[in-house]
Amino acid sequence: LDWENQPDSQMQGWHEFEYAIYPHRGRWTDSDVFAQAHGFNLPMRMVQCGQHQGALPKALSFLTIEPKTLVPSGIKLSESGNAIIVRVFNPTSEKVKGTIKFFRSLRSVRLVRLDEQPVEELKVKNGSCVEIEAGPKRIITVEITPA
């Protein structure tokens, strides 16, 4: 192991850990345990801008992902700048079907690869909702173009 040449590898000294307990019913896959753990370890960062009237209400759900088993892992502007990229992770060992509901009408939704190259067009339902399917332990990337 060459211990003599790596004396600092023990990380001796005081360490601080944070733990959380999240009670829930049933199996962890039937609840949002993974999302809660992710939020505990990596809380969402927010940025406050200057005061202005704005076009949105004070409270708004930008998007809703269901079921809670599916975990949002990224939301960003597409590389082209014309769409919104939503990445969703399925932490379970089973295929999960779900929906993404956007706060306004959608022009189009596509399943894309991680590099944002198109895979297939997805059907928009009720103007602002799309059905998704994530395989076990898979990340899916969806490109949303608002109307």
Just name one of F62, S105, C49: the one whose Cα is farthest towards the positive end of the charge dipole of the chain (beta-carbon charges, Lys/Arg +1, Asp/Glu -1).
-> S105
In debye to the nearest 20, the charge dipole size for region 63-146, taken about the Cα centre with +1 at each Lys and Arg Cβ and -1 at each Asp and Glu Cβ, equals 240
For the peptides 32-45, 64-77, what is the packing order when you average, over each peptide's residues, the other Cβ atoms within 10 Å and list the highest mean first?
-> 64-77, 32-45
Of (1) -0.67, -0.86, -1.33; (2) -0.81, -0.97, -1.36; (3) -0.77, -0.88, -1.16, the label for log10 I(q)/I(0) by the Debye sum over Cα atoms at q = 0.14, 0.16, 0.21 Å⁻¹ derived from the coordinates = (2)
Straight-distance crosslink candidates among lysines, where the alpha carbon sits under 22 Å from K123 and sequence neighbours closer than 8 are dropped | K68, K76, K95, K97, K101
Sites excluded, GluC sites (Glu not before Pro) in DSSP loops with at most 11 other C-beta within 10 Å, longest stretch of the chain = 19-78
Using the charge dipole of the chain (Lys, Arg: +1 at Cβ; Asp, Glu: -1 at Cβ; taken about the Cα centre), state which of A20, V124, G135 has its Cα farthest towards the positive end.
-> V124
List the relative contact order of region 63-146 as a percent without decimals, with contacts defined as Cα pairs under 8 Å and 6+ residues apart.
-> 36
Could you grab the relative contact order for the chain? Cα pairs under 8 Å, six or more apart, rounded to a whole percent.
-> 21
Charges only on Cβ, +1 for Lys and Arg, -1 for Asp and Glu: so what's the dipole of the chain about the Cα centre, in debye to the nearest 20?
-> 1000
Going by a ≥ b ≥ c, the root eigenvalues of the Cα gyration tensor, does region 57-114 fall in the rounded group (a/c under 1.5), the prolate group (a/b larger than b/c) or the oblate group?
-> oblate
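Every number in this text was worked out from the coordinates using simple rules, so none of it is lab data. Note that the coordinates shown come from a computational prediction; the quantities given were computed from them, not determined experimentally. When we count neighbours, we look across all protein chains shown, and the Cβ atoms used for this are built from the backbone with ideal geometry, even at glycine.
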